[in-house]
Structures are given as structure tokens and as C-alpha cells.
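The block underneath contains the structure these notes are about, expressed in C-alpha cells.
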């Protein structure tokens with residue numbers, strides 16, 4: 001018990017802020033000093049982002065030690081690390097060191113034990129609209145990039161091959177990477193802002209894992225596109241094995257997005273142990289949101305989440321409570 005208490009203090013929020021501040025300084029320096037970065041824009045973003053993170057971390061260490069400023073500092077840190085976690089996926093395009101930063105951000109966010117208020121009716125619709133639109137766009141971009149990768153491998157015309165890889169690079173930087181970031185952010189907001197949560201239902205948790213795995217795949221796909229774009233400037237060059245790998249990566253990317261879409265429609269798996277534990281405490285589930293590609297998951301029957309027993313009058317107290325908060329009908 002004593003060992004556990006000492007371990008808890010050593011990895012507490014204040015000490016983690018110091019660790020993250022030191023890491024941010026080192027990571028920013030490593031990203032700045034890298035000479036062969038493929039994407040200067042993300043190199044600059046990583047440098048600025050980690051500099052800001054270092055300032056915030058050291059300032060938060062001081063604020064968390066004072067009773068008057070501890071609560072506001074915790075709220076700021078929760079929001080910051082939830083946003084900075086997916087942002088560090090983008091920094092991976094400049095350096096591999098953000099992997100450690102994502103681990104530290106996760107530990108800090110979990111250690112702060114955040115509690116999220118429910119979204120109001122208008123806010124929920126706004127965030128869900130953004131999430132669906134971004135998810136649909138992401139799916140279309142992925143299909144287009146798969147087609148372009150196939151064209152690059154199969155065409156015999158040099159200008160078509162080179163143009164395909166140039167377009168893929170443009171789509172990757174201007175569309176795919178922002179879609180990844182925005183889809184994760186909006187998905188987390190609409191999930192944590194409703195009773196469905198991130199880990200209460202297996203299909204939502206599976207979609208979260210898919211959404212977080214796609215940026216990892218993108219860290220391999222980006223350098224392949226850069227290599228093929230440079231190689232295809234030579235009319236005699238062939239895509240070779242790298243071109244085949246890129247086709248496979250884009251096919252996997254698209255398959256994962258369609259898997260997330262199917263999960264949002266069929267909602268398999270029921271509740272996780274965390275969801276069952278909360279359901280046993282009698283908290284009603286009022287509405288449904290998504291994580292990943294952005295699909296509404298409400299049942300047309302109004303039956304609520306799968307696994308929840310609802311008789312003819314079972315939903316009335318939840319509905320009245322929801323209406324009392326000004327949220328509109330639960331479904």
C-alpha cells in the first residue's frame with residue numbers, strides 16, 4: 001500500500017507536468033534541428049507546438065500547487081492534452097519523437113480524471129454535423145487516393161504516373177491529414193458529451209481504436225508517397241515494391257474507414273465492463289453519437305443503445321430529465 005502511494009505521488013499530475021515540460025523542450029529542439037524533414041510545415045508546427053506545451057507545462061506545475069489556481073489549471077490541462085494528443089500525430093511527419101509525447105499526454109489526461117458535461121441540444125447537433133461531414137469527406141479522400149495509387153502502379157505513361165503521385169501528396173497534406181485530426185477531435189467531443197462515452201460500448205471503443213490507428217498508418221504512407229513522387233520524375237523509373245505497398249496501405253486505410261461505418265450502423269458487441277458497471281448504477285442513456293467516420297447511431301425505433309432494457313414507460317423519466325435540461329427529445 002505504501003509503495004502504491006509513493007508511486008502515485010511520483011507519477012501525479014504535477015510531476016508529470018515537469019516531465020512533459022522537459023520532454024517538450026527536447027522534442028522541440030530535435031524537430032527544429034532535423035535537416036531532412038519531408039514536410040517543413042509540420043516541422044514548424046511541431047517546434048511551435050512543443051514550445052507552447054513547455055511553457056504551459058511549467059506554468060501548470062506552479063498553478064497546481066496553489067489551492068486557488070489548481071481547479072482552473074486542471075481544466076486547462078485536460079482540454080490542452082485532449083487536443084494536443086491528436087496534434088502530435090501530425091508532428092510525426094517531422095520526427096518520431098512525438099510517440100513519447102502522446103504517451104505522456106495520455107497519462108496526464110487520465111491522471112487528471114476529467115469529467116465532461118453533457119452537450120446541449122444545439123451544441124450536440126453542431127458537433128455531430130461537423131463530425132459527419134468530416135467523416136464523409138475523409139472516406140471520399142481515401143477512395144480517391146486508392147484510385148491514384150493504382151493508377152501510379154498500372155499506367156505506362158510517365159506524365160500520368162508522376163501526376164498521380166503529385167496529386168496524392170497534395171491530397172495527403174491538404175485533405176487527409178486535416179481530416180484525421182478533425183475527425184478524432186469532433187468524434188471525442190460528441191462521444192464524451194453524451195452518455196455513450198468512449199469506452200462504454202464495444203463498437204464505440206472499436207471505432208476509437210480504428211480512428212487512432214489510421215494516423216499510425218499514415219506515418220508510413222506519407223514517406224512512400226514522397227519517395228514515389230521523386231522517383232517518378234525519371235521517365236524510366238518504375239514504382240516497384242514501394243508502389244505496391246502504397247496500394248496495399250491505401251486499401252487498408254479505406255477498409256478500416258468502411259469498418260468504422262459498418263460498426264456505427266450495426267452497433268455489435270453490447271456494453272464493455274465499464275458500460276455495464278455504469279448501467280448497473282441506473283444512469284439512463286439518452287442519445288447516441290459516434291467516433292471515427294461520423295455516422296449517426298440512433299435507432300429508428302427509439303429503443304436506445306443495444307443491451308438496455310426499455311419497457312413502454314421505461315424511457316419516460318430519462319426523457320423528462322433530458323427535456324428539463326433543454327436538450328430536446330432523446331432521439
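The values are calculated or read from the model by the stated rules, or taken from the named source; none is laboratory data. Keep in mind that this is a model prediction, so the values were computed, not measured. Virtual Cβ from ideal backbone geometry, glycine too; neighbours counted across all protein chains shown.
Some notes on this structure:
- Enumerated helices (runs of 4 or more DSSP H) restricted to the stretch 213-331, each holding at least 2 residues that are at pLDDT 50 or above and loosely packed, with under 13 Cβ neighbours inside 10 Å: 240-266, 273-280
- The condition of being crowded, with 17+ Cβ neighbours inside 10 Å, farther than 30 Å from residue 235 by Cα, at pLDDT below 90 and out of contact with any strand residue (DSSP E or B) (no Cβ under 7 Å at 6 or more places or on another chain) holds for only one of 81, 95, 131, that being 95.
- Breaking point among (1) touching a helix residue (DSSP H, G or I) at 6+ places or on another chain (Cβ under 8 Å); (2) over 26 Å from residue 250 (Cα atoms); (3) outside the structural domain of residue 197 (by TED's automatic domain parsing); (4) in a helix (DSSP H, G or I), for residue 128: (3)
- Looking across the stretch 98-128, the residues that are in contact (Cβ under 8 Å) with a residue 24 or more places away in the chain, farther than 24 Å from residue 72 by Cα and surrounded by fewer than 19 Cβ atoms within 10 Å (Cβ to Cβ) come down to 100, 121.
- Counted residues, the stretch 26-52 - those being over 27 Å from residue 226 (Cβ atoms) and either surrounded by 17 or more Cβ atoms within 10 Å (Cβ to Cβ) or at pLDDT below 95 (or both): 0
- Comparison of 200, 207 shows that the only residue that is more than 30 Å from residue 239 (Cβ to Cβ), in contact with a strand residue (DSSP E or B) (Cβ under 7 Å, 6 or more places away or on another chain), outside the structural domain of residue 81 (by TED's automatic domain parsing) and touching a residue at least 24 places away in the same chain (Cβ under 8 Å) is 200.
- Qualifying residue in the stretch 147-167 (condition: within 30 Å of residue 84 (Cβ to Cβ), outside the structural domain of residue 82 (by TED's automatic domain parsing), touching a helix residue (DSSP H, G or I) at 6+ places or on another chain (Cβ under 7 Å) and touching a residue at least 60 places away in the same chain (Cβ under 8 Å)): no
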